[in-house]
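Working notes, structure below.
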Amino acid sequence: MATTVPPTVGTAQFNRVLSDFKHELSQDEVDDFNFTNAEDLKKAVHRLQEQQKSEKRMQNLRRLSSSLEAMDQFDKVVSVFLNATDYLGFIWGPAKFMLLIAGSYSEALNTLLDAYQEIGDHVPLLEQYESLIRNSPYLQDIVGLIYKDILNFHRKAMKHFRQRAWKKLFHATWRTFRTDFGAIISNLQSHRRLLDSQAIFLGVQETIKAMEELHETRRVLDDECKRRQDEDGKHRQLAVVSWLSAADSASDHEDAFAVHEDEPDSGSWLFQHDSTKDWIDPYSSSEPLLWINGKPGAGKTILASALIEECRRQPHSAVAFFYCKHGDPARDNFIGFARSIIFQFTKLNSSLLPFVLEKESSSGTDSLRSSKIAKEILAAAVESFGDLILVIDGLDECIKSQKNEIVSWALSVIASAETDDSRNLRCCFLSQDDNDTGRLLKALPTFKITDKHNSQDISHFCRRRANEIGQNFGLLPQDVQSLAECVAGKADGMFLYAKLVMDNLDSQVSKAALKQEMKRIPPTLNQVYRRIRHRILDESSPPEQQVAKTLLSWLLCAKRPLKWHEIQGAMSLDLDDNSFDCERRLVRDIKHFCGSLVEVRRGGAICFVHLTAKYFLQDEPALPKQLEKLNLTRLCFSHLSLDSHASDITQDSIRAYVVRGEYAFTEYAVVHAFDHLLDVLSERDDIFTLSYGALGMSLRKFVEKRVSAPRKRASVAKTIDNKLQVLKNEDFFDSLKHAIVYQKESEDKSRKKVDEEPVLTLLPQLARVRYVLEKMIISDFTSKLDSLYGQNLFKCSEPRCESFHDGFPTQQIRDKHRDQHERIYLCSFLGCTSSMIGFNTALSLKQHEQEYHQGVRNGNSFPWHGTLEKLDIAAEIKNGNYAAFELWLSRWKDMIPNDQIEMDGWKYSLLRLVFSYRQNRMLKELLGKLPPTLDSRQTTHALIAAINSGNEEGVRIFLRHNTTLEDSTIYRLLTSSLLRGEDNIARELLIYPSSPFLRPDGMARKASYLNLTIRHGRYGVFQYILENYQVDPD
């Protein structure tokens, strides 16, 4: 007779599982679930059903029946052998909790019902094994694991219903639960099979072995599940980062807060002021909005950085921020603001990632450009936080219409949050009180910065700088003190004034000059600028004056902050004879020529010291701004016309040009040459006052050397066409217009086909240069190259990415970054292979989800009931009718012929039809039944049809299945892929078994493949070959 197992043996695992589960619940939830039973759940389901019936939105709650029955039997069996009921409430309670919440949202309820139905189908009915379980610790172990899986499901599923804004996020976030859910179902299946086997055979040794295998299987499955989740999370993060392309607000903040390294207590007075202190305090009843304003140069950005850090110290508060910047397209508009804030939100709350990714996938664009979509994401994201703080600095630096949109959005979300007692949202603006900004924010609680607030900080700063100047020039202590007091006294609350004056004094060349300058310290900020301007443009030597005028003009009209090595590259070009002379490089640095009007930021970017300095120089009549704008345009095109940029030069020649520094200005010129041209041509009022003939000569030479003759008429946007009309009588007009269109389309990742033939090969040629340069770095040329090209020489290949010119210190970091630009459109159904592999266009992703996940999206789709006799297989393939396709295939038991099928009067092979209409599910079925040897001509035509339709996934499926294609076929397919702009298909072909890149004897053929990418202007594929295979670009 079997001996009854002591209750302690069975309860141990249940206690551990329940204890872990309770740790993630609130005390109210523990108390509520503890006293919930099966009858409570059934009553709740009945009430929900009656409510659904009265509202005429029935959801077939009978889907719960299998789960209720299984759980009912589980309850009875477990309560007997454990002699306790404390455990079962945590099965019924969470189910009741989620069903009642989901009842108000039909999609969530329907999804939850499906999940419980699937669980019910896999949880074993335990009553039939009750006597066996009561007497077997091994079977009780299995029951304990079932309990663990059920509670694991509840633990993870409840998160989706407990999160804030759950209704907005549910559709996206529940799909990420599929991997977890699949693992739970797999575990339940294993337990059921083992339980069945143990009911028949209970040999002790066999049982022990089976249990060990079960636990090992669970461990492996759990590890695999975690690995998949980690991989999915990384891929999703990269995809979102790429799509947002947000300004680096974290670096902006670090730069601003770096001042506190020298002045750690600077700005501490701000947090003693009642309005600021109350605004920061989450428990205060103060207004959630605050406007901190002050005069230009009062140190508002530094204060903003200190405010952000103070807010971060508040427990339970999430903090996001944005530093606006005049003239920076990533920082002076609402989209730039939204991109940065959304990115920060995903860092603060990772559950937002699936929602943002879903919006990305449906947007159809390679970056966030729509204000409507941005606001939809922001609305859900803001709602997902209980305590959120926003700090927006420099609002006055935004475009007028854009500052209106930012403020309007902020006011609306604050108003919405105020109606919800569970949320605490606060927003602080820091800006000047100019006309536009003042009108927008005048109704807000306001804190105005005056000299009374920051005078002590300014005095402390002036004493520190005066001591440094005194040590440098050997000043007497009384002179040092007098200097500090004088500057602090005249600052009038402007940190910028004190900084500029001290920088100007510190830049003097002698003690006598310093003393002379100390006698005439200007009383106002504008006069400080005039004094610095006088020293730079009047007191310096004529050659230095000319250089300063040129540099300041370039900085004013540049499309992004220039770097010193780029300026050196531009200065080395002689526009008179279009030659490069490295001896024209400047021997002094930017500060020597431009003084304290500019500063060198982290990464080498040269910027004006403040927006007021830029405004001052824009009105400076001595600067030849229009002429230098024209000259900078000429420099771009003349630079790209140099022999060093020809597509047919050898690797040795490139190496020689690299050492001369001829490519220092290339990255800027490649990206912005046409931007400058369109700007210059748009200024028609000045067209007869400047030497546009010289520009025409530069353009003619560029077109002759770098632009291939267009085969068709270029179609350009009307705004661009209007600007180009100035040049309509030039013989290079059509070619130039074609080049502009080609360049713009090449930079637009959302457009795959740029042209049938490449018009420009600037980017592929730049890739060749970078390839050589990186090899030289590895050969320890670093110190020499740093002086010519700056630091961080490993660059991103995407022209619109900041890292295209900012770069990275190592190849490994660059390669990791580059992943975020590849195949950014990820399937949002977690567990699908394409949730990790991704697609390179939104269209490809949409077609994939329609084909493979339509049934998941639409539970109301009807089955097909056609007959074989009336079946038009061509039409059904076109319509994606998989049921009809299966019926048609059923005519053949084994192999089926790749017959020609008539459609619209034309005959096509079966394979070609499936490819053309992107029916990849059908393709997989078809490949298993087609003859192993297919007609080469038909196969090639079918694959070309797949390429023409952009069926990237279909091509990949076929190439994995069929490995017998010849090199000549691969070359032809590669040509088609490059013509169509299908870079990812091209990469698949490059790794095909017959590709020369996988053969040791294929060097000559490799070169021909590489030249093919250059000929068709496919920069990404060219870069891919150079970085992954040892191919000489020559």
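The values are calculated or read from the model by the stated rules, or taken from the named source; none is laboratory data. All figures in this text were calculated on a predicted structure; none of them were measured in a lab. Using ideal geometry, Cβ is built from the backbone for each residue, glycine included, and neighbour counts are taken over all protein chains shown.
Quick one: GLU310 ticks every box in (1) surrounded by fewer than 21 Cβ atoms within 10 Å (Cβ to Cβ); (2) not in a helix (DSSP H, G or I) bar one, so which box is it?
Status for GLU310: all satisfied but (2).
Give, as residue ranges, the helices (runs of 4 or more DSSP H) completely inside the stretch 946-1028 that count at least 2 residues that are under 27 Å from the mean Cα position of the chain (by Cα). Before you say what the answer is, go through the steps one by one.
Values: elements: 952-961, 967-980, 983-990, 1003-1015, 1019-1028.
Correct list: 952-961, 967-980, 983-990, 1019-1028.
Which condition does GLN189 not pass, out of (1) of a type in the set (S, T, N, Q); (2) touching a His at 6+ places or on another chain (Cβ under 9 Å); (3) part of a loop (DSSP other than H, G, I, E, B), if it passes all the others?
Unmet condition: (3).
Taking the condition of being touching a Ser or Thr at 6+ places or on another chain (Cβ under 8 Å) and among the β-branched types (Val, Ile, Thr), how many residues in the stretch 551-609 meet it?
Going through the stretch 551-609 one residue at a time, the tally reaches 1.
On the basis of being modelled with pLDDT of 85 or more, in contact with a Gly (Cβ under 6 Å, 6 or more places away or on another chain), under 30 Å from SER136 (Cβ atoms) and small (Gly, Ala, Ser), does ALA70 make the cut?
yes
Quick check on my filter: what residues within the stretch 474-489 are outside any loop (DSSP other than H, G, I, E, B) and buried (at least 20 other Cβ atoms within 10 Å of the Cβ)?
Once the filter is applied, which keeps residues that are outside any loop (DSSP other than H, G, I, E, B) and buried (at least 20 other Cβ atoms within 10 Å of the Cβ), the stretch 474-489 yields LEU483, ALA484, VAL487, ALA488.
Restrict the check to the stretch 517-524 and report whether at least one residue is within 29 Å of ASP396 (Cβ to Cβ) and surrounded by fewer than 15 Cβ atoms within 10 Å (Cβ to Cβ).
Within the stretch 517-524 (the criterion being within 29 Å of ASP396 (Cβ to Cβ) and surrounded by fewer than 15 Cβ atoms within 10 Å (Cβ to Cβ)), the answer is yes, since at least one residue qualifies.
Need the failing condition index for GLU24 against (1) modelled with pLDDT of 85 or more; (2) part of a helix (DSSP H, G or I); (3) within 22 Å of MET71 (Cβ to Cβ), just the number.
Here GLU24 clears every test but (2).
Considering only the stretch 531-568, how many residues are in contact with a Pro (Cβ under 7 Å, 6 or more places away or on another chain) and surrounded by fewer than 20 Cβ atoms within 10 Å (Cβ to Cβ)?
Just the residues of the stretch 531-568 that are in contact with a Pro (Cβ under 7 Å, 6 or more places away or on another chain), to begin with: 531, 549, 553.
Retained after the next criterion (residues that are surrounded by fewer than 20 Cβ atoms within 10 Å (Cβ to Cβ)): 531.
Residues flagged as in contact with a Pro (Cβ under 7 Å, 6 or more places away or on another chain) and surrounded by fewer than 20 Cβ atoms within 10 Å (Cβ to Cβ) within the stretch 531-568 amount to 1.
Filter the stretch 206-242 for residues that are in contact with a helix residue (DSSP H, G or I) (Cβ under 7 Å, 6 or more places away or on another chain), under 30 Å from PRO137 (Cα atoms) and at pLDDT 80 or above and give the result.
none
Among the helices (runs of 4 or more DSSP H) contained in the stretch 83-146, which hold 2 or more residues that are surrounded by 18 or more Cβ atoms within 10 Å (Cβ to Cβ), of a type in the set (Val, Ile, Thr) and modelled with pLDDT of 85 or more?
The helices (runs of 4 or more DSSP H) meeting that bar are 89-102.
If I ask for residues that are touching a Lys or Arg at 6+ places or on another chain (Cβ under 7 Å), assigned to a helix (DSSP H, G or I) and surrounded by fewer than 23 Cβ atoms within 10 Å (Cβ to Cβ), which ones from the stretch 381-408 would you list?
Residues satisfying the conditions are GLU383, GLU397.
Based on what the data block shows, is GLU376 touching a residue at least 40 places away in the same chain (Cβ under 8 Å), assigned to a helix (DSSP H, G or I) and at negative phi?
Against the criterion (touching a residue at least 40 places away in the same chain (Cβ under 8 Å), assigned to a helix (DSSP H, G or I) and at negative phi), GLU376 does not qualify.
Can you list residue pairs whose Cβ atoms sit under 6 Å apart, with the first residue in the stretch 227-255 being within 18 Å of PRO799 (Cβ to Cβ) and the second being of a type in the set (Gly, Ala, Ser)? Count only pairs 6 or more apart in sequence or on different chains.
Pairs that qualify, where the first residue is within 18 Å of PRO799 (Cβ to Cβ) and the partner is of a type in the set (Gly, Ala, Ser), are TRP243/SER367; SER245/SER367; ALA246/SER340; ALA247/ALA330; ALA247/GLY336; ALA247/SER340.
Being within 30 Å of SER363 (Cα to Cα), under 28 Å from the mean Cα position of the chain (by Cα) and surrounded by fewer than 21 Cβ atoms within 10 Å (Cβ to Cβ) is the requirement here; does ALA246 meet it?
Criteria not met by ALA246.
Just one of ILE813, ILE777 is at pLDDT 80 or above, over 23 Å from ALA246 (Cβ atoms) and not assigned by TED's automatic domain parsing to the domain that holds SER641; which is it?
Of the residues listed, the single one that is at pLDDT 80 or above, over 23 Å from ALA246 (Cβ atoms) and not assigned by TED's automatic domain parsing to the domain that holds SER641 is ILE777.
Considering only residues that are in a helix (DSSP H, G or I) and touching a Gly at 6+ places or on another chain (Cβ under 8 Å), which ones fall in the stretch 270-302? Walk me through it before giving the result.
Keep residues of the stretch 270-302 that are in a helix (DSSP H, G or I), which gives 270-272, 274-280, 300-302.
Matches in the stretch 270-302: LYS300, THR301, ILE302.
Looking only at the stretch 593-641, which residues are surrounded by 18 or more Cβ atoms within 10 Å (Cβ to Cβ) and aromatic (Phe, Trp, Tyr)?
PHE593, PHE608, PHE616, PHE637
I'm told ILE389 meets every condition in (1) touching a residue at least 60 places away in the same chain (Cβ under 8 Å); (2) over 30 Å from THR612 (Cα atoms) except one. Can you identify the failing condition by its number?
Just one mismatch for ILE389, condition (2).
Go over the candidates HIS160, HIS154 one by one and state the one that is of a type outside the set (A, V, I, L, M, F, W, C) and in contact with a Pro (Cβ under 8 Å, 6 or more places away or on another chain). I'd like the intermediate steps shown before the answer.
Details: HIS160 fails: in contact with a Pro (Cβ under 8 Å, 6 or more places away or on another chain).
None of the others qualify; the one that does is HIS154.
So ALA498 ticks every box in (1) in contact with a Cys (Cβ under 9 Å, 6 or more places away or on another chain); (2) farther than 21 Å from THR301 by Cβ but one. Which box is left unticked?
For ALA498, the failing item is (2).
Among the residues of the stretch 537-584, write down those that are in a helix (DSSP H, G or I), farther than 11 Å from ALA664 by Cβ and within 41 Å of the chain's Cα centre (by Cα).
Once the filter is applied, which keeps residues that are in a helix (DSSP H, G or I), farther than 11 Å from ALA664 by Cβ and within 41 Å of the chain's Cα centre (by Cα), the stretch 537-584 yields VAL547, ALA548, LYS549, THR550, LEU551, LEU552, SER553, TRP554, LEU555, LEU556, CYS557, ARG584.
Show the residue pairs meeting these rules: Cβ distance below 6 Å; 6+ apart or different chains; first residue within the stretch 451-462 and in the same structural domain as LEU496 (by TED's automatic domain parsing); second residue surrounded by 17 or more Cβ atoms within 10 Å (Cβ to Cβ) and of a type in the set (Val, Ile, Thr).
Correct list of pairs: CYS462/VAL487.
Yes or no, residue by residue, for (1) surrounded by 22 or more Cβ atoms within 10 Å (Cβ to Cβ); (2) modelled with pLDDT of 85 or more; (3) in contact with a Lys or Arg (Cβ under 7 Å, 6 or more places away or on another chain):
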| residue | (1), (2), (3) |
| --- | --- |
| LEU943 | yes, yes, no |
| ILE947 | yes, yes, yes |
| LEU974 | yes, yes, no |
| ARG980 | no, no, yes |
| ILE985 | yes, yes, no |
| LEU1010 | yes, no, no |
| GLY1017 | yes, no, no |
| ASN1028 | no, no, no |
